[in-house]
Amino acid sequence: MEKMSNFATSLMVWSSLISYAYTVHAMAQWLPRGSSTRFYDFKVQTTRITKLCNSKDMVTINGIFPGPVIYAQEDDRIVVKVTNMTPFNTTIHWHGVRQRRSCWFDGASYITQCPIQAGQTFTYDFALVNQKGTFFWHAHVSWLRATVYGAFVVHPKTGLPYPFNYPFEEHIIILGEYWKQDVVQIERTTAASGGSPPVADAYTINGHPGPNYNCSNNDVYKIDVVPGKTYLLRLISAGLNSENFFAIADHKLTIVEADAEYTKPFTTDRVMLGPGQTINVLVTADQAIGKYSMAMGPYSSAKGAAFQDTLAIAHFKYLGAVTNSVSLPAQLPSVSDNLTVKTVMDGLRSLNPVNIPTEIDTNFFITVGLNVQKCHSKTPKQNCQGINHGVMAASMNNISFIMPKISLLEAYYKKINGSFTEDFPGVPLKFYDFVNGAPNNIPNDTQSLNGTRVKILEYGSRVQLILQNTATVTTENHPIHLHGFSFYVVGYGTGNYNPQAAKFNLVDPPYMNTIGVPVGGWTAIRFVADNPGVWFMHCHLDIHQSWGLGTAFIVKNGKGELETLPPPPADLPRC
């Protein structure tokens, strides 16, 4: 009782502190320039793919899976014409690109644009303002992200070296998931059932499942390496509903970048990436000549959740190794190894001291977790397959986000009423022991409210978010992605957030765009709201996003042209 009383008191003390036609020509007037403007042509089309003893038609970009790599330099302008040749709505999100004054091109469906409908074309036009590193792009409508994704590599400006010795070669490693079924149909069936989705039939590394799966002995990605040379691997997690460990047998991984920002070098045996996260690692081929496994396996932090337990394998093969030699196995952590995840996070530090907001204008305390709604269907066996015959949901501050019918940005910019309300709560509607005493009389005590609720931020305001994991239904690691910004991860810990005991790093915290809220724990992030527009914040596990785990921030215009969102482009898709 005393522990609970202290917790409630600290929360009360802390909560009392809470404060509640865009044209190419117009863009050319203000955008900085890199070495060039890069033009790309993306055709969204269905392609016949054969994997796992099975053939299916699936949505791709330009007929390849994974999709084409975008290469650029810091401050370059990117122009991508997207033509939708499928019957499905689509958008493309440029994950991690901060879209300075180019919110219209962020690509979040029903947030910054209506989807590109069948037969339509939309041209994304933005600049990589002061950004370099490993990004990726992906569809941001329904679950097309399962197959519509690709790498986005931005090199430093000419003459600016990496802050480490140049590698002998660079390689892109995209971690993904693959279903034999059509993913759009899986999404529809899952939504109708009220329950959880089926697990993926396979994990993939650059689209290849590897030899552990049926009909996949020759469907293996391989890197040929020269003994003694060092390689830069650009790791990208494009998984839909899983978080994953990655390791190379008998080799160390030295992290030098996370979410497209340099870090102090940190050496580890394995890393964990949640969907949306990128990590650059240096690997030296310093072992005996042979063939070594690059392994991808599950990190499953939710109690009782189903997961694919067969590893995807690629080969790290030394020149001179026997072609048919057996690859040495990589050792991955157990599926629920939270300590490994924490250890890697502990090692992430910005390369240099950083300028972090120390005075905060706007504080938020946001709970993140799952819910179960009561069944109201006349056919409960078909539509209420969640826990205890309820309907699964997810929420922030117990509000399940409902997608509007037109994009929030268009509704906000054109002052169209009825699409959203500005009352997303800055604190939970009810305080309780979030980790140890969550109400779990499912579904009676786990109900969430539904709504398209957003929060307004003044331009230039210094924002702090405390993201608190809850044990409602189950604790779980949630990879939370914020569009339009990177943020400093100034603190994190297990248990309930206690402002009197929490330790913050205000010297060299990592600067990220996607952060895992720890299992039964909390994360503190800070950023300055200096990018006008409407920005989605959501869990990057797509099933959680579908269930409502998200909200949006509207950042108001500041003063003058350089702090004001320009008008929409002429070809902005209509709903």
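Here the peptides 267-277, 372-382 are ranked by packing, the mean other Cβ count within 10 Å, and the order with the highest first is 267-277, 372-382.
Each peptide among 278-287, 87-96 gets the average number of other Cβ atoms lying within 10 Å of its residues, and from highest to lowest they stand as 87-96, 278-287. Normalised per residue, the accessible area of the chain is 38 Å², obtained with a 1.4 Å probe and no contribution from ligands, DNA or RNA. Would you work out if segment 71-208 is rounded, prolate or oblate? Take a ≥ b ≥ c from the square roots of the eigenvalues of the alpha-carbon gyration tensor; rounded if a/c is under 1.5, else prolate when a/b is larger than b/c, oblate otherwise. Here segment 71-208 falls in the oblate category. Between residue 379 and residue 50, the simple spin-label model (points 7 angstrom out along Cα→Cβ) gives 3.7 nm. Overall, the accessible surface of the chain at a probe of 1.4 angstrom is composed of carbon and sulfur to the extent of 51 percent. Computed over all pairs of different Cα atoms, the Kirkwood value for the hydrodynamic radius of segment 253-404 is 20.0 Å.
Computing mean projected area of the Cα convex hull in nm² for the structure here picks out one of (1) 25.5; (2) 29.9; (3) 39.4, namely (1). Sorting 410-416, 159-165 by their mean Cβ neighbour count within 10 Å, with the most densely packed peptide first, gives 410-416, 159-165. Heavy-atom accessible surface of residue 48, to the nearest 10 Å², is about 150 Å², with a 1.4 Å probe and all protein chains retained.
Between 500, 175, 331, the Cα set farthest toward the positive side of the dipole of the chain (charges on each charged residue's Cβ, about the Cα centre) is that of 175.
Spin-label model, residue 118 to residue 561: label points 7 Å out along the Cα-to-beta-carbon direction sit 4.3 nm apart. Relative contact order for segment 482-575: 27 percent, from Cα pairs under 8 Å spaced at least 6 residues apart, divided by residue count. Comparing Cα centroids, segment 503-575 and segment 233-283 end up 22 angstrom apart.
Average 1/r across all pairs of distinct alpha carbons in segment 167-306, invert it, and you get the Kirkwood radius: 16.4 Å.
Accessible area ranking (1.4 Å probe, heavy atoms, ligands and nucleic acids excluded), largest first, for 182, 250: 250, 182. Dipole magnitude for the chain: about 680 debye, using +1 per Lys or Arg Cβ and -1 per Asp or Glu Cβ, origin at the Cα centre.
Pairs 414/455; 157/264; 43/229; 381/455: which are spaced more than 27 Å apart, C-alpha to C-alpha? Beyond 27 Å between Cα atoms: 43/229; 381/455.
Taking Cβ separations below 4.7 Å as the criterion for a possible disulfide partner, the isolated cysteines in the chain are 103, 539. To check you understand DSSP bridge types, tell me what percent of the beta bridges within the chain (both residues inside) are antiparallel, rounded to 5. So the antiparallel bridges amount to about 70 percent of the total. For residue 235, the residues whose modelled amide H falls within less than 5 Å of its own, excluding neighbours fewer than 5 places apart on the same chain, are 173, 279, 280, 281. Among the trypsin sites (Lys or Arg not before Pro) found in segment 191-263, those both in a DSSP coil and sparsely packed, with 16 or fewer other Cβ atoms within 10 Å of their Cβ, are 229, 252.
The values are calculated or read from the model by the stated rules, or taken from the named source; none is laboratory data. What you are looking at is a predicted structure, and each value in this text was computed from that prediction instead of being measured. Methodologically, a virtual Cβ is constructed for each residue, glycine included, from the backbone with ideal geometry; neighbour enumeration extends over all protein chains shown. For the accessible areas, the whole protein counts, side chains as well, though only heavy atoms, and no ligand, DNA or RNA atoms are used. Shrake-Rupley method; radii C 1.70, N 1.55, O 1.52, S 1.80 Å.
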